[in-house]
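Notes follow the structure.
None of the figures in this text is laboratory data; all of them are computed from the coordinates on show. For clarity, every value in this text was computed on a predicted model and none was experimentally measured. A quick note on method: Cβ atoms are made from the backbone with ideal geometry, for glycine too, and the neighbour counts reach across all protein chains shown.
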Amino acid sequence: MKDFPQLENAAQDRAVQQLLHWSLANGLVLHPPNFKAYSTDAAPVTLFPTPFPRSSFDLAVRVQPVFNRLYAKIAASDKWLSSIVDQLTEFDQDFTGRLWRTYLQAKADGITQPLALGLVRSDYMLDQNTDQIKQIEYNVIAVSFAGLGPKVAHLHRYLNQSGAYDAHGGSEQYYDEGDIATSEATAKLAEGLARANDLYHGQSGSGSPTSTIVLFVVQENERNVFDQRHLEYTLLRNHGLKSRRATLAEVPAVTRTDPDTKQIFYSPTNDEISIVYYRTGYAPTDYKSDRDWETRLNLETTRAIKSPTLLSQISGSKKVQQLLTDKALVERILNDNVGSSPSSANEKVTSEEIDLLLQTFVNIYPLDDSPRGREAKQLAFSNPERYVLKPQREGGGNNIYKNDIPSFLKSIPELQWNAYILMDLINPPSHPNKIVRAGEVYHEQVLSELGIFGTIVWDTELGTVHSNTTADYLLRSKFSSSNEGGVAAGFGCVDSLYLY
Ligand code: ADP
Ligand code: MG
């Protein structure tokens, strides 16, 4: 494994200048806070790629389709989820409970589209103690950075190729070509959308696949909008598939649903919508009013394929992740009949694959009155520095870390502890990379989190899988002094892999 390039001040200044120009020239950008429509900032990135063991990366890639299948199985029927619904919703009636009630209402009204699309990302850190990758979480809704992530590998390759990393004041390449792993995540997620769109046309047997459009349901004032735009441009360039954007509040005004066929159309252009793709809807604040919830309900009953469906979104909850640390349960879900039809032989997952998947789990405890829950309640007070406490939330900034855990738990009634899970902290190696944020260079130890993208299209009635792919990677890094790594939130930055 090579050390990081050691650059003299002047050489580093030149490298940073090149980095900023490349980022602005190639759309590796975010809107700044309180932005105008025309204002962009270079996205925070590392100056160098961060080393990561190739064997660990390969393993993460290998288990991705198994994770996709596991979560698709869970969301192929409400059988198992309804058996744990109290655990899921009792202490979070307002959000997870409301997602569940919205699903039940959609089911009562009639769900007309059996296919579901997953554009997902499984996140890991390398654990120093075991030298294995350990899963942080499996994300099923609004996964980000498939647009910007791949650009950082291209940026680092450009800097390397141009000689900006030459530590001897010349312009030689520092890394071998191929050391810096490229990612085709943008194209692969676009391919997932195109595949679902093709299947939509297969169902109706009419119209050309480019006669329908994808509806991106988005947040207002999204700062990370260019990440989404890159996916839209790739979808159009590679597949001729158009997309439109609307917030939940705008959807009723810009769509029309045929009451008989449940086909949904984008009214301004009268295009049929084949896929409703959510880049919002994962946090309570994404629903500004009851009307937004009603919109979510109405979209769920249309013919368009949803990414994700309500059941799929619920399957991505932290509570489900905690329950899945039980090997017997994972085996039962993967190999038994959880959907409404038996798994066909070619869908069987091998016991080796299941073991590889389980190897990526750390301990996750409930905080209830079960024996494991009681053990966890003690551990949270005796060794809080070993844990992170998580509520049923997505989107960053919600977790409670280490020594903050005891006082936090004491501040709420014990009954409410049930709403949280307690997870072993993963202890990744740190590296002396440099972070470039708003033109400033920060030289600190960084910790990295690997995300592997995936796409899956499955039939929620039959439980069958139409396509299931690994879709390359994202690497995010953050100062080792920070608990969380949100990029837009200002905690972290986008990085690329130097595989060794
Ligand atoms: P969210 O759904 O809000 O994204 P995550 O579970 O991904 O929540 O946690 C947010 C961040 O906190 C992660 O990106 C990671 O940096 C850190 N983190 C979460 N769980 C762990 C863990 N078990 N060990 C170490 N860091 C963690
Ligand atoms: Mg996360």
- Task: Kindly provide the helix-only [θ] at 222 nm of the chain, computed as the sum of -39,500 (n - 2.57) over DSSP H runs of four or more divided by all residues, to the nearest 500 deg cm²/dmol?
- Result: -10500 deg cm²/dmol
- Item | Proximal lysines to residue 390, defined as alpha-carbon separation beneath 17 angstrom and excluding residues fewer than eight positions away on the same chain | 134, 318, 319, 377, 402, 410
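Can you tell me what percent of all Cα-Cα pairs in region 5-125 are more than 23 Å apart?
Numbers: 4612 of 7260 pairs.
Summing the P(r) tail past 23 Å for region 5-125 gives 64 percent.
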- Task: Using only the Cα atoms of region 373-417, each taken as one equal point scatterer with no solvent, compute I(q) by the Debye sum, divide by I(0), and report log10 of the ratio at q = 0.13, 0.25, 0.28, 0.32 Å⁻¹.
- Result: -0.27, -0.96, -1.14, -1.29
- Note on the structure: region 466-487 and region 70-126 have their Cα centres apart by a whole-number Å value of 23 Å
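Please work out the Kirkwood hydrodynamic radius for region 36-88, using every pair of different C-alpha atoms, and report it in angstroms with one decimal place.
Working: mean 1/r = 0.0634 Å⁻¹.
Result for region 36-88 stands at 15.8 Å.
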- Message: If I model region 347-484 as equal point scatterers sitting on the Cα atoms and use the Debye formula, what is log10 I(q)/I(0) at q = 0.19 Å⁻¹?
- Response: -1.17
- 17 Å tail of the calculated P(r), region 83-138, as % of Cα pairs: 65 percent
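Which whole-number percentage describes the relative contact order of the chain, with Cα contacts under 8 Å and a sequence gap of 6 or more?
On the way: 999 pairs, mean separation 134.7, N = 500.
Relative contact order for the chain comes out at 27 percent.
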- Query: Rounded to the nearest whole Å³, what is the per residue volume of the convex hull around the Cα atoms of region 313-424?
  - Reply: 127 Å³
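I need the GluC sites (Glu not before Pro) found in region 103-199, filtered to DSSP loop residues with at most 16 other beta carbons within 10 Å of theirs.
Working: sites: 137, 172, 177, 184, 191; in loops: 172, 177, 184.
Answer in residue order: 172, 177.
At a temperature of 37 °C and a viscosity of 0.692 mPa s, determine how fast region 390-469 diffuses translationally according to Stokes-Einstein, using the Kirkwood radius over alpha-carbon pairs as Rh; express D in µm²/s, rounded to the nearest whole number.
Details: Rh = 17.4 Å.
Answer from the Stokes-Einstein relation: 188 µm²/s.
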- May I ask you to give the average projected area over all directions of the convex hull of the Cα atoms of region 262-335, in nm² rounded to one decimal? 6.7 nm²
- Task: Kindly provide the pair-distance distribution of region 148-231 built from C-alpha pairs, with 10 Å bins from 0 and whole-percent values in order of increasing distance.
- Result: 15, 28, 24, 19, 11, 3, 0
- Nearest 5 is fine: what % of DSSP beta bridges in the chain come out antiparallel, could you say? 75 percent
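What is the fewest-to-most order of 296, 14 by other Cβ atoms lying within 10 Å of their Cβ? Spell out each step's value before the answer.
Values: 296 26, 14 15.
Fewest-to-most Cβ neighbours within 10 Å comes out as 14, 296.
Compute the normalised compactness of region 205-253: alpha-carbon radius of gyration over 2.2 N^0.38 Å, N being the residue count. List each step's numbers first, then the result.
Values: Rg = 12.4 Å, N = 49, 2.2 N^0.38 = 9.7 Å.
Taking N as the residue count of region 205-253, the ratio is 1.28.
Using the count of nearby Cβ atoms within 10 Å as a rough guide to exposure, how do 261, 302, 470 rank from fewest to most?
Details: 261 11, 302 23, 470 20.
Ranked by crowding around the Cβ, least crowded first: 261, 470, 302.
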- Task: Please give every one of the lysines within straight-line cross-link reach of residue 434, meaning a C-alpha to C-alpha distance under 19 Å, and leave out same-chain neighbours fewer than 8 residues apart.
- Result: 2, 151, 478
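Could you work out the local net charge near residue 500, counting Lys and Arg as +1, Asp and Glu as -1, over the other residues with Cβ closer than 10 Å to its Cβ?
Here the charged neighbours net out to +1.
Report the local net charge at residue 431: Lys and Arg +1, Asp and Glu -1, summed over other residues whose C-beta lies under 12 Å from its C-beta.
Details: positive: 2, 434, 478; negative: 3, 444, 495.
It works out to a net charge of 0.
Sort 39, 211 so the one with the fewest other Cβ atoms within 10 Å of its own Cβ comes first.
On the way: 39 10, 211 14.
In increasing order of surrounding Cβ atoms, one gets 39, 211.
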- Item | Rg and Dmax [Cα atoms of region 113-182; Å; Rg one decimal, Dmax integer] | 17.8, 61
- Query: Which value, in Å³ per residue, describes the convex hull spanned by the Cα atoms of region 55-189?
  - Reply: 176 Å³
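Average projected area of the Cα convex hull of region 176-309, in nm²?
The Cα convex hull of region 176-309, projected and averaged over all directions, gives 9.7 nm².
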- Compactness ratio of the chain: Cα Rg over 2.2 N^0.38 Å, N = residue count? 0.97
